[in-house]
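Participant: Next up is a structure, given as structure tokens.
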Amino acid sequence: MARPKIPRNICGRPANSCFKPNGIPMNSLERVAMGADEFEAMRLVDLNGMQQLEAAAVMQVSRQTLANLVKRARAKVADCLVNGKALDLAGRD
């Protein structure tokens, strides 16, 4: 049995629920879902410029967990930018 997920402190929310390439209808794009915890980790580290240890304390997770969240979020953003996919931010945990 998997260990239960520890609740994470999430303060920021995306301004929009989805980002997609211009000029392509949403129904013809592949979607990549980003969880609220991944969004918050990337917001704290990349936008607010926090150190990972400080951001981990804000989210009430370990530094390693925060590093994993940031890594997954960055990979999803890069996948969308490089491969022309839609980034769906509505997938909240």
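Please treat every number below as a calculation from the coordinates, not as lab data. None of the values given here were measured: they were computed from a predicted structure. Here Cβ is always computed from backbone atoms with ideal geometry, including for glycine, and neighbour counts include all displayed protein chains.
Participant: Once you have the alpha carbon radius of gyration of the range 42-93, what is it after dividing by 2.2 N^0.38 Å, with N set to its residue count? Can you show the working numbers first?
Facilitator: Numbers: Rg = 12.0 Å, N = 52, 2.2 N^0.38 = 9.9 Å.
Taking N as the residue count of the range 42-93, the ratio is 1.22.
Participant: Could you sort 2-11, 46-55 so that the peptide with the highest average Cβ count within 10 Å comes first and the rest follow in order?
Facilitator: Details: 2-11: 9.8, 46-55: 13.8.
The peptides rank, most packed first, as 46-55, 2-11.
Participant: What Kirkwood Rh does the chain have if only Cα atoms enter the pairwise 1/r average? Answer in Å.
Facilitator: Numbers: mean 1/r = 0.0718 Å⁻¹.
Taking every pair of different Cα atoms in the chain, averaging 1/r and inverting gives 13.9 Å.
Participant: Here is a follow-up. Sequence gap at least 6, Cα distance under 8 Å: using those rules, report the relative contact order of the chain to the nearest whole percent.
Facilitator: 45 percent
Participant: I'd like the orientation of helix 63-83 relative to the chain: the angle between its Cα long axis and the longest Cα principal axis, in ° from 0 to 90, rounded to 10.
Facilitator: Taking the Cα atoms of the chain, the angle to 63-83 is about 10 degrees.
Participant: Straight-line reach from Lys85: which lysines fall under 28 Å, measuring Cα to Cα and dropping same-chain residues less than 8 apart?
Facilitator: Hits, sequence-local ones excluded: Lys20, Lys71, Lys76.
Participant: Now, a different point. What's the magnitude of the charge dipole for the chain around its Cα centre, counting Lys and Arg as +1 and Asp and Glu as -1 at the beta-carbon? Answer in Debye, nearest 20.
Facilitator: 160 debye
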